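Working notes, structure below.
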Amino acid sequence: MNKDKLQRVRGALVLTMVFFSLLAAAFWPALWRSMAQDQSANHPWMDKTLSPDRRADLVLQQLTLEEKYGFLHGNGMPGWGQPRPNAYLGNGGAGFVLGVPRLGIPMIQMSDAAYGVRSSGENGRYSTALPSDVAAAASWDVHAACAYGALIGRELRAQGYNMTLGGGVNLTREPRNGRTFEYMGEDPILAGTLVGNRMKCEQAQHLMGDIKHYALNDQESGRNAVNVIISKRAMRESDLLAFQIGIEIADPAGVMCSYNAVNGDYACENKYLLTDVLKKDWNFKGFVLSDWGGTHSTEKASVAGLDHEEPEDIFFGEKFKQAVQAGKISTAELDDHVHRILRAEFASGIVDDPVKKNVVDVEGGFETSRRIAEQSAVLLKNDQAILPLDRTRLHSIAIIGPNANTGMISGGGSAQVDPPGRGAPKWKEHVWFPTSPLKAIAAKIPGAAVEFDSGADPASAAALGKKSDVAIVFAYQWTSEDFDLPNLSLPENQDALIGQVAAANPRTIVVLETGSAVTMPWLNQVRAVLEAWYAGSKGADAVANILFGEVSPSAKLPMTFPRSEADLPHPHLVTPPPEAPGRRNGEAKPTFEVHYDEGLKVGYKWYDAENKPVLFPFGFGLSYTTFSYSGLKVSTGSDTTVSFALKNTGSRAGEEIAEVYAALPAAAGEPPKRLVGWDKVHLNAGESKEVSMAVKTFYLSIYDEASNSWKLVPGTYTLMVGGSSQNLPLVQKIDLK
Ligand code: BGC
């Protein structure tokens, strides 16, 4: 080829390239758009404008049978049985469910998170410990519940989880229950409202929520073997009502069925609980997952409404496939289980906003934890206004109690949050969280001598108390999953310790770190008692802020403190016969019964009905200021509205939780009263506010077994308003039809 020809060919080539480049540039955006459309045409369930149900249906149509089976069970848990071959896919949490990557459906990574994310030490991570759940319930504050849930939600996602196993709301029917600290007290309306708000805000972080343990898992003793006997009306108006309210508020992704049986059938294969009530009456759209090892059958559980087995596939793996192949489980039933899980994934946002691990905001967590602890500590006694402590008149303080120099106790079991900087605590190890009362108090009063005695030798502690201006005893009661308290006494001879210190110095203050109620044989000897519960990562700072008056206490008891175990509905805990322990994961039958004959008379309803005096009533809690109630007005309409004037009659600002109770007409056959509303009101010194609350008709109704519906019994209702269940100065009767 000569030079000219070569140049002509080159020129033509360049022109052709320019032409095609221009063409591509002109058409590229359209090309890209059409590719993207192709993608969404391939994955139409990624269209966020569709409802979660529709999106779930679209995915379901694409799934192979094997992929569907993958949704029905977990894939093991670290430390539970033999590790499975795919264990490496887990995130170190209690369970995980395989996703379907080809369709963009993520794995579900679950972690326990009762008062913070579990297993952080073991996994080399960090979690904030919030005050225990029962403590948060003592705030009676839906905003605190929301902050609680949001924090846990953020920390779960930061650690790579997209589902929580938290939100325990079993009622405190049995205060010796070792998991009382994980729950929200004895009243169904209070507990349900708080757990609902906690879960709503947790899920708002784009996380799948879970409310547990459904239902009537009210004691740990023999939890896999106990058959709870209770009437339908009693359960609907007590334990189940808490779940109903929580589920209505939060629309949680999951409900965890419990280990125990109810009226003959294990909760995870109980058609009444799972289908008739949860899925039909309450219209629950999420999925039911078993407590760990709480599945006992395949066909029976599936048809009863269990959607998912954890943590393994003993009944919802191979056996499930065989049952489908044999036509014993219909494909419609299989599809319903899978649909519910997929729906929950879309509704919670975990598909559209996949989890990305990131760094936890430690300081932010401290701040939230401390604030909630301040709102949760209940001042039970404050004689001669010894609190708040007057810095100007104190020269020496004795800090007494086990570990009060280094930490405060935390709740154990699957709720346990690991303290920072150490590995995994052992099961049932007492974990003292590094939040030092001694340091926090010393920091408040630099000039004073603040000395410590562990109390191991009560005589030496009393000697320190005697030479100090004031003695503060930090007393604890440790509780955990997997066992119940033998009684409500403080352990480790602490009653004697407090008695001896108080005898040496009448200016003794007791700070309680407990998971449940305790008896107080020394109550008359001490000046003040502050119930700080399990106070979380910043518990000591919160307690010090209250003791020195930077914060005025506002919390109220979410559970009654009885005078003695003899006054409980069951003076003796019903424990399993030794020869017949319950089994997890077996085709076992329950081996012993607990008859909840007190029925719906849980907590204060029991003491009211039985005329039993208590140590501290439900709803009780002091403040550093005082409040007065006046001018009750009640109007009826679609809801009943209660209004009254609330005045701060003291000399400092404070918050009052104003409580509204109702006594139903005699024909309703109810206990003397029930909580039907409350409001938390901030008032400056001398300030007065008009408070108005709507009381839902539902909360005034009773459950009628014959018609399976809630009914308002026509007649005279007495509405009562005040600062505790036993201090209700405002009373008005109304007729309702
Ligand atoms: C507990 C559950 C917990 C699960 C996973 C069970 O033993 O009862 O509350 O979520 O373990 O750790």
State whether the residues of segment 129-142 include one that is out of contact with any strand residue (DSSP E or B) (no Cβ under 9 Å at 6 or more places or on another chain) and on the phi > 0 side of the Ramachandran plot.
-> no
Using beta carbons and a limit of 7 Å, which pairs, at least six apart or on different chains, have the first residue in segment 318-333 and in contact (Cβ under 8 Å) with a residue 24 or more places away in the chain and the second one open to solvent by 90 Å² or more (accessible area, probe 1.4 Å)?
-> 333/303
Can you pull out the residues in segment 172-181 that are under 19 Å from residue 607 (Cα atoms) and either among the charged types (D, E, K, R) or away from the ligand (no atom under 16 Å from the Cβ) (or both)?
-> 172, 173, 174, 175, 176
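If I go through segment 84-124 residue by residue, how many of them are among the aliphatic types (A, V, I, L, M) and either more than 13 Å from the ligand (Cβ to nearest atom) or open to solvent by 10 Å² or more (accessible area, probe 1.4 Å) (or both)? Steps first, answer last, please.
Step one: list which residues in segment 84-124 are among the aliphatic types (A, V, I, L, M), which gives 87, 89, 94, 97-98, 100, 103, 105, 107-108, 110, 113-114, 117.
Adding the requirement that they be either more than 13 Å from the ligand (Cβ to nearest atom) or open to solvent by 10 Å² or more (accessible area, probe 1.4 Å) (or both) leaves 87, 89, 97-98, 100, 103, 105, 107-108.
Residues flagged as among the aliphatic types (A, V, I, L, M) and either more than 13 Å from the ligand (Cβ to nearest atom) or open to solvent by 10 Å² or more (accessible area, probe 1.4 Å) (or both) within segment 84-124 amount to 9.
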In segment 477-495, residues that are away from the ligand (no atom under 16 Å from the Cβ), more than 17 Å from residue 398 (Cβ to Cβ) and out of contact with any Pro (no Cβ under 6 Å at 6 or more places or on another chain) total 11
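Can you pull out the residues in segment 382-424 that are at positive phi and away from the ligand (no atom under 16 Å from the Cβ)?
Residues of segment 382-424 that are at positive phi, as a first pass: 384-385, 401, 403, 413, 421.
Scanning segment 382-424 gives 384, 385, 401, 403, 421.
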Return the total of residues in segment 603-616 being buried (at least 22 other Cβ atoms within 10 Å of the Cβ) and part of a loop (DSSP other than H, G, I, E, B).
-> 1
Qualifying residue in segment 132-147 (condition: within 15 Å of the ligand (Cβ to nearest atom) and either over 12 Å from the mean Cα position of the chain (by Cα) or under 15 Å from residue 208 (Cα atoms) (or both)) = no
Output for segment 284-295, where each listed residue is away from the ligand (no atom under 13 Å from the Cβ) and either open to solvent by 10 Å² or more (accessible area, probe 1.4 Å) or under 13 Å from residue 337 (Cβ atoms) (or both) | 285, 286, 287, 288
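Confirm whether residue 621 is buried (at least 18 other Cβ atoms within 10 Å of the Cβ), within 26 Å of the chain's Cα centre (by Cα), under 26 Å from residue 194 (Cβ atoms) and modelled with pLDDT of 95 or more. Break it down into steps so the answer makes sense when it comes.
Values: buried (at least 18 other Cβ atoms within 10 Å of the Cβ): yes; within 26 Å of the chain's Cα centre (by Cα): yes; under 26 Å from residue 194 (Cβ atoms): yes; modelled with pLDDT of 95 or more: yes.
So residue 621 fits the description; yes.
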Residue by residue through segment 678-720, note down the ones that are open to solvent by less than 20 Å² (accessible area, probe 1.4 Å), under 22 Å from residue 636 (Cβ atoms) and free of Cβ contacts under 8 Å to residues at least 40 places away in the same chain.
-> 701
Which of the residues that make up segment 182-228 are in a strand (DSSP E or B) and either open to solvent by less than 10 Å² (accessible area, probe 1.4 Å) or within 16 Å of the ligand (Cβ to nearest atom) (or both)?
-> 208, 210, 211, 212, 213, 214, 226, 228
Given (1) free of Cβ contacts under 8 Å to residues at least 60 places away in the same chain; (2) more than 21 Å from residue 334 (Cβ to Cβ), residue 260 misses just (1)
Mind checking which residues of segment 296-311 are in a loop (DSSP other than H, G, I, E, B), away from the ligand (no atom under 12 Å from the Cβ) and either of a type outside the set (D, E, K, R) or open to solvent by 10 Å² or more (accessible area, probe 1.4 Å) (or both)?
-> 296, 297, 298, 305, 306
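Quick one: is residue 673 in contact with a Phe, Trp or Tyr (Cβ under 7 Å, 6 or more places away or on another chain) and open to solvent by 30 Å² or more (accessible area, probe 1.4 Å)?
Values: in contact with a Phe, Trp or Tyr (Cβ under 7 Å, 6 or more places away or on another chain): yes; open to solvent by 30 Å² or more (accessible area, probe 1.4 Å): no.
No: the conditions fail for residue 673.
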Consider residue 427 against the criteria (1) within 16 Å of the ligand (Cβ to nearest atom); (2) within 28 Å of residue 370 (Cα to Cα); (3) open to solvent by less than 60 Å² (accessible area, probe 1.4 Å): it satisfies all of them except one. Which criterion is unmet?
-> (3)
Determine whether segment 431-453 contains at least one residue that is open to solvent by 60 Å² or more (accessible area, probe 1.4 Å), outside any strand (DSSP E or B), within 16 Å of the ligand (Cβ to nearest atom) and modelled with pLDDT under 95.
-> no
Of everything in segment 252-278 that's of a type in the set (D, E, K, R) and surrounded by 20 or more Cβ atoms within 10 Å (Cβ to Cβ), which residue is nearest to the ligand (Cβ to nearest atom)?
-> 269
Report yes if some residue within segment 133-155 is in a loop (DSSP other than H, G, I, E, B), open to solvent by less than 10 Å² (accessible area, probe 1.4 Å) and within 30 Å of residue 69 (Cβ to Cβ); otherwise report no.
-> no
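Out of curiosity, is residue 356 more than 16 Å from the ligand (Cβ to nearest atom) and either more than 28 Å from the chain's Cα centre (by Cα) or assigned to a loop (DSSP other than H, G, I, E, B) (or both)? So that I can check it myself, show each step before the final result.
Working: more than 16 Å from the ligand (Cβ to nearest atom): yes; either more than 28 Å from the chain's Cα centre (by Cα) or assigned to a loop (DSSP other than H, G, I, E, B) (or both): yes.
It is true that residue 356 is more than 16 Å from the ligand (Cβ to nearest atom) and either more than 28 Å from the chain's Cα centre (by Cα) or assigned to a loop (DSSP other than H, G, I, E, B) (or both).
For segment 71-88, give me each residue that is of a type outside the set (A, V, I, L, M, F, W, C), out of contact with any strand residue (DSSP E or B) (no Cβ under 7 Å at 6 or more places or on another chain) and not in a loop (DSSP other than H, G, I, E, B).
Filtering segment 71-88 down to residues of a type outside the set (A, V, I, L, M, F, W, C) leaves 73-76, 78-79, 81-86, 88.
Okay, now just the ones that are also out of contact with any strand residue (DSSP E or B) (no Cβ under 7 Å at 6 or more places or on another chain), so 76, 78-79, 81-86, 88.
Once the filter is applied, which keeps residues that are of a type outside the set (A, V, I, L, M, F, W, C), out of contact with any strand residue (DSSP E or B) (no Cβ under 7 Å at 6 or more places or on another chain) and not in a loop (DSSP other than H, G, I, E, B), segment 71-88 yields 85, 86, 88.
Considering each of 591, 636, 640 in turn, give the residue that is open to solvent by 50 Å² or more (accessible area, probe 1.4 Å), within 23 Å of residue 718 (Cβ to Cβ) and touching a residue at least 60 places away in the same chain (Cβ under 8 Å).
Values: 591 fails: within 23 Å of residue 718 (Cβ to Cβ); 640 fails: open to solvent by 50 Å² or more (accessible area, probe 1.4 Å).
Going through 591, 636, 640 in turn, the sole match is 636.
The values are calculated or read from the model by the stated rules, or taken from the named source; none is laboratory data. These figures come from a predicted structure and were not determined experimentally. Glycine gets a Cβ as well: all are built from the backbone with ideal geometry, and neighbour counts include every protein chain shown. Quick note on the areas: whole protein, heavy atoms, side chains included, nothing else; ligands and nucleic acids left out. Shrake-Rupley method; radii C 1.70, N 1.55, O 1.52, S 1.80 Å.
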